[in-house]
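Novice: I have a structure here, written as structure tokens, and I will follow up with some questions on it.
Just so it is clear, none of the values below were taken in a lab; they were calculated from the coordinates. This is a predicted model, so every value here is computed, not measured. Cβ coordinates were reconstructed from backbone atoms using ideal geometry, including for glycine residues, and neighbour counts include every protein chain displayed.
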Amino acid sequence: MFGHIEPSVRLWTADYDGEIVGTVQLHLTMKQNGAHRAEIAKLMVHPQKRRLGIARQLMDVAERAAVEAGRSLLVLDTRAGDPSNTLYRSLGFVEAGRIPQYARSADGQFDETVIYYKLLEVPERLTFIAQSRQQVDELTILLRTRGIYILYEDRNPYAGGAEHYAVFFEDPDRLKVEVVAP
């Protein structure tokens, strides 16, 4: 299951035999200087359903969504000593540092947290094939009316060359997109 809590927060749940047994959130940074990053938050799997690959699947879905949203950096934190540290390292996350007394446990004790990051490979540009030049023109008009930035506006619709009828633009997640007519 997938949902949006707010525009910058994506949420997934894992289902096992009809029961929700896990969840993860992806928080997309909306600040202009952080539009390249996202944070993994609240990865949780029911204790009786751990070691079945559920957390790994949830992380995979969240990571793919981050890439699709144009994010090239994922960050997260977890309590030092928790088994989740092993999972994150196995997924390619790198320890960036530790913060003592970061979170208070149910028993009132302060726990250290470990900060992790992972660099993601984001495609330079996505390319789609339109059905016709008219479809490219209609999309260009729609993009302009919605205030979406059209790249190479001065060379539109031949920004890719004399034989390349297309529109290039940045989507709201700042991915470069090309829609080209056959």
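Novice: Return one number: the angle in degrees, 0 to 90 and rounded to the nearest 10, between the long axis of the Cα atoms of helix 54-68 and the longest principal axis of the Cα atoms of the chain.
Specialist: Value to nearest ten degrees: 30.
Novice: With 26 Å as the cut-off, how large is the P(r) tail for the chain, expressed as percent of Cα-Cα pairs?
Specialist: Summing the P(r) of the chain above 26 Å gives 46 percent of all pairs.
Novice: Label point 7 Å out from R79 along Cα-to-Cβ: which residues of region 11-29 have amide N under 13 Å?
Specialist: none
Novice: While we're on this one: Rounded to two decimals, what is Rg over Rh for region 125-180 when you use alpha-carbon atoms and the Kirkwood radius?
Specialist: Here the Rg-to-Rh quotient is 0.92.
Novice: Any chance you could tell me what percent of the C-alpha pair distances in region 24-93 go past 21 Å?
Specialist: In whole percent, the long-distance tail amounts to 25.
Novice: At q = 0.11 Å⁻¹, what is the base-10 log of I(q)/I(0) for region 68-170 according to the Debye formula with one equal point scatterer per Cα and no solvent? Please give it to two decimals.
Specialist: Taking Cα atoms of region 68-170 as identical point scatterers yields -0.59.
Novice: Okay, next question. If I take every Cα pair under 8 Å that is 6 or more residues apart in region 1-126, average their sequence separation and divide by the length, what percent do I get for the relative contact order?
Specialist: 19 percent
Novice: Given points 7 Å out from each Cα along the Cα-Cβ axis, report the D111 to R98 separation in nanometres with one decimal.
Specialist: Once both label points are built, they end up 1.4 nm from each other.
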